[in-house]
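Novice: Next up is a structure, given as structure tokens.
None of the figures in this text is laboratory data; all of them are computed from the coordinates on show. Computed from a predicted structure; not experimentally measured. Positions of Cβ are generated from backbone atoms using ideal geometry, with glycine treated the same way; all protein chains shown enter the neighbour counts.
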Amino acid sequence: MRNSKGLDVGMNTKDEAPVLDRKDASNYLGISISMLDSKLDIPFLKIGRSKRYLRSDLDTFLLSVRKGGSK
């Protein structure tokens with residue numbers, strides 16, 4: 001659906017959001033929040049006190065740690 005200015009609104013569900021908070025990012029990766037915060041070198045946005053993660057950065061991370069599959 002588009003608003004009067006031609007922008008898409010109401011189309012993104014939480015699963016499709018391009019920016020995720022720490023909880024959603026950890027769920028997306030299947031890891032704990034503490035591992036996300038301390039063990040992994042994934043870029044994040046700092047907005048006030050909150051960390052936000054771009055879905056594209058999480059996908060890039062997942063591809064970088066992928067193993068096997070080519071035989």
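Novice: How large is ³J(HN,Hα), in whole Hz, for each residue of the stretch 25-37 in order, when computed from phi with the Karplus curve 6.51 cos²θ - 1.76 cosθ + 1.60 and θ = phi - 60°, using x for Gly and Pro?
Specialist: 5, 5, 5, 4, 7, x, 10, 7, 5, 5, 5, 4, 6
Novice: Loop-only check: which trypsin sites (Lys or Arg not before Pro) in the stretch 25-63 are DSSP coil with at most 13 other Cβ within 10 angstrom?
Specialist: Answer in residue order: K39, R49.
Novice: Output wanted: per-residue J couplings in Hz (rounded whole) for the stretch 56-64, from phi through Karplus 6.51 cos²θ - 1.76 cosθ + 1.60, θ = phi - 60°, x for Gly and Pro.
Specialist: For the stretch 56-64, the Karplus curve yields 5, 5, 5, 5, 4, 4, 4, 5, 6 Hz.
Novice: Now, a different point. Which residues in the stretch 34-71 have a backbone N closer than 11 Å to a point placed 7 Å from the Cα of R22 along the Cα-to-Cβ line?
Specialist: Only 34-38, 49-52 pass the distance filter.
Novice: A further question on this structure: Evaluate the charge dipole of the stretch 20-64 about its Cα centre and quote only its size in Debye, nearest 20, assuming +1 on the Cβ of each Lys and Arg and -1 on the Cβ of each Asp and Glu.
Specialist: For this selection, approximately 220 debye.
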